[in-house]
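Right, one structure below, let's go through it.
The values are calculated or read from the model by the stated rules, or taken from the named source; none is laboratory data. Since we're looking at a predicted model, the values are computed, not measured. Every residue, glycine as well, gets a Cβ built from its backbone with ideal geometry; the counts of neighbours run over all protein chains shown. Note: accessible area is taken over every heavy atom of the protein model, side chains too, but ligands, DNA and RNA are not part of it. Shrake-Rupley method; radii C 1.70, N 1.55, O 1.52, S 1.80 Å.
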Amino acid sequence: MEGAQPGPGASPPHSDSAEVLLHGVFALLGAAPKASYALSLTRGRELRMQRVGSAPAGPSAALDLADCIGCAAGREPRPGPAAYFSVFCYPFRKGWWDASPSRQRLARTFRVCAAQEAEDNLKLAETWAGKIRELAAPRIPRQEGVTWGLLPRPCHILVLLNPQSGTGHALQLFHSLVQPMLAEADVAFTLFVTERPNHARELVRAGDLSQWDAVAVLAGDGLLYEVVNGLMEREDWQAAIKKPLCTLPGGSGNALSASINHYAGNTQAFRKELLTNCTYFLCKGLYAPMDLVSLSTASGKRLFSFLSFGWGFISDVDIASEKYRQLGNARFTVGTIQQLAGLKVYKGRLSYLPMETSSSVSSAPGSPSEQNSHHVPCSNGHPLHILPQPAPGAPEPPHKGSWPEDPLLVPFDQPVPKHWTTVPEEEFISIFAIYQSHVGADFTMAPTAKLHDGSMHLFYLKAGVSRLGLLRIFLAMEKGTHLDLNCPHLHYVPVRAFRLEPFTSTGLMTVDGEPLACEPVQGQVHNQFCSIISGS
């Protein structure tokens, strides 16, 4: 009888196992032929299973509840007193077609029929389901100076979806993959499909967000950029920006999703595998603090960025390849080849505040950084007069007065502080500041980056590198080994703040992959400024 104590064919729990919290025998539904299993639920977060019956006991197996996203209980649909409980797990498994393990769905449903009364069986099934959910809840990491959190149960999330992102299959992926996993995890959702650029920005800027415990974005990185800046434009931005965010990869770049997958210790994943991993994180409900970078432009714009700022080759590839978004990740390969054919040099001045700085780190009088006064339109600390300037009487950005200050930055009409470093060379192929590990799902630019390390990882590539050398750098970036090439033109430094002053308005800049008109820009990190769903 399902739910009774194990019979003659069952082995007792191992003497060296963790404490057993629940123990019983249940029929495994869907098994052919019908089989009963002795189940032991341990404090060590395992659901141990051993087949029982008249034959000798079969080998034991265990479900690791760290892989479990949910457990449901209910009455059997057919007439009778029986109940059931279903366990939904997503362990890493390697199929014969897989190069590396990936999360695969594993569901087990057990029949509970120990009592004659239906209510008693349902109560027992709910007891097992409740205890499994309790043990499956992720353990909140303990890290000095870092506060992690866990979504409440039950929870309700807002899902913002861009149906045009990537290859245009985001809505289909939601219904076929994300929605079933949310149902298994008992996570309620409201789906909002965007219809135009900045639609999500407008919604989170003006909407009542109190009804949702988190905001998930199923699209590329651009939609999350809209959400972050929309939240910062609210009157209650201090509270709104702390609402946990979640990135679900539905675009062609998916850099933040790939980074979060990397931080969790997972192998590189793409497409549905990456989406499964990120949806799994959402179902588990663990969130961590994430740095944001405050960017200011000479024309008066204030932007908030979670991923990157770029000027030059990498930004050109990103923008130029936009028309190939139907190719998915391959769009960047096509864009790289195109940009290599017409390689450009960008002239400007780059200054930064290193993470490890001292009063001795500065530009000496008479150094190249102070000898370029002949660049009158853009001398150090003076924005280009040929670039956009704020119109007289133009309105300030919403709530600008209450926004967080940037204490490391000085106005553009002042030179950078003396303890900053100014790069002597003023001709670049690319300048790129990234705050996450990945610049795309298959490009690991800063492997040591963390969600809340308080730094930007600044890369600048000086003019003079050959096309072949540049191609080698990009190929090595797939595995994060580009710095191992020891290319003399490629420089990397972790920084807390930077300023970039172009000498001309050539080319577009990018913020989180979104275009920005070329003009002087400076930015600094704000440590642990928002919250993001992540792995442990």
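Only residues that are basic (Lys, Arg) and in contact with a Lys or Arg (Cβ under 8 Å, 6 or more places away or on another chain) were counted across segment 118-141, and they come to 1.
Within segment 195-228, being within 16 Å of Cys246 (Cβ to Cβ) and assigned to a loop (DSSP other than H, G, I, E, B) holds for Leu209, Trp212, Asp213, Gly220.
Select from segment 502-516 the residues that are outside any loop (DSSP other than H, G, I, E, B) and either hydroxyl-bearing (Ser, Thr, Tyr) or buried (at least 16 other Cβ atoms within 10 Å of the Cβ) (or both) and list them in ascending order.
The initial filter retains those residues of segment 502-516 that are outside any loop (DSSP other than H, G, I, E, B), namely 502, 509-511, 514-516.
Once the filter is applied, which keeps residues that are outside any loop (DSSP other than H, G, I, E, B) and either hydroxyl-bearing (Ser, Thr, Tyr) or buried (at least 16 other Cβ atoms within 10 Å of the Cβ) (or both), segment 502-516 yields Pro502, Met509, Thr510, Val511, Glu514, Leu516.
Consider Leu160 against the criteria (1) surrounded by fewer than 20 Cβ atoms within 10 Å (Cβ to Cβ); (2) of a type in the set (A, V, I, L, M); (3) over 30 Å from Ala82 (Cβ atoms): it satisfies all of them except one. Which criterion is unmet? With respect to (1) surrounded by fewer than 20 Cβ atoms within 10 Å (Cβ to Cβ); (2) of a type in the set (A, V, I, L, M); (3) over 30 Å from Ala82 (Cβ atoms), Leu160 is out only on (1).
Give segment 28-42 a look and list any residue that's on the phi < 0 side of the Ramachandran plot, open to solvent by 50 Å² or more (accessible area, probe 1.4 Å) and in contact (Cβ under 8 Å) with a residue 40 or more places away in the chain, or say none. Even if it seems obvious, please write down each step before you answer.
Let us first name the residues in segment 28-42 that are on the phi < 0 side of the Ramachandran plot, namely 28-29, 31-42.
Next, only the ones that are open to solvent by 50 Å² or more (accessible area, probe 1.4 Å) stay: 29, 32-34.
Passing the criteria: only Leu29.
Within segment 164-193, the set of residues being open to solvent by less than 10 Å² (accessible area, probe 1.4 Å), more than 29 Å from Leu135 (Cα to Cα) and of a type in the set (Val, Ile, Thr) is empty. Residues in segment 232-268 that are among the hydrophobic types (A, V, I, L, M, F, W, C), touching a Lys or Arg at 6+ places or on another chain (Cβ under 9 Å) and either without any contact (Cβ under 8 Å) to a residue 40 or more places away in the chain or assigned to a loop (DSSP other than H, G, I, E, B) (or both): 2 in all. Across segment 211-224, the qualifying residues are those that are touching a Lys or Arg at 6+ places or on another chain (Cβ under 9 Å) and of a type outside the set (A, V, I, L, M, F, W, C), and the one among them that is surrounded by the most Cβ atoms within 10 Å (Cβ to Cβ) is Gly220.
Please find, within segment 476-501, the residue that is nearest to Gly251 (Cα to Cα) out of those that are hydrophobic (A, V, I, L, M, F, W, C) and not in a strand (DSSP E or B).
Met477
Search segment 105-139 for residues being touching a Phe, Trp or Tyr at 6+ places or on another chain (Cβ under 9 Å) and open to solvent by 80 Å² or more (accessible area, probe 1.4 Å), and hand back the single one that is farthest from Ala73 (Cα to Cα). The selected residue is Arg105.
For beta carbons closer than 7 Å, sequence separation of 6+ or different chains, a first residue in segment 460-472 that is more than 14 Å from Tyr346 (Cβ to Cβ) and open to solvent by 20 Å² or more (accessible area, probe 1.4 Å) and a second that is assigned to a helix (DSSP H, G or I) and of a type outside the set (Gly, Ala, Ser), the qualifying pairs are Arg467/Leu340; Leu471/Leu340; Arg472/Leu485. Contact annotation: residue pairs with Cβ atoms under 8 Å, 6 or more positions apart or on different chains, pairing a residue in segment 157-173 that is more than 14 Å from Glu195 (Cβ to Cβ) with a partner that is of a type in the set (Asp, Glu), are Ile157/Asp213.
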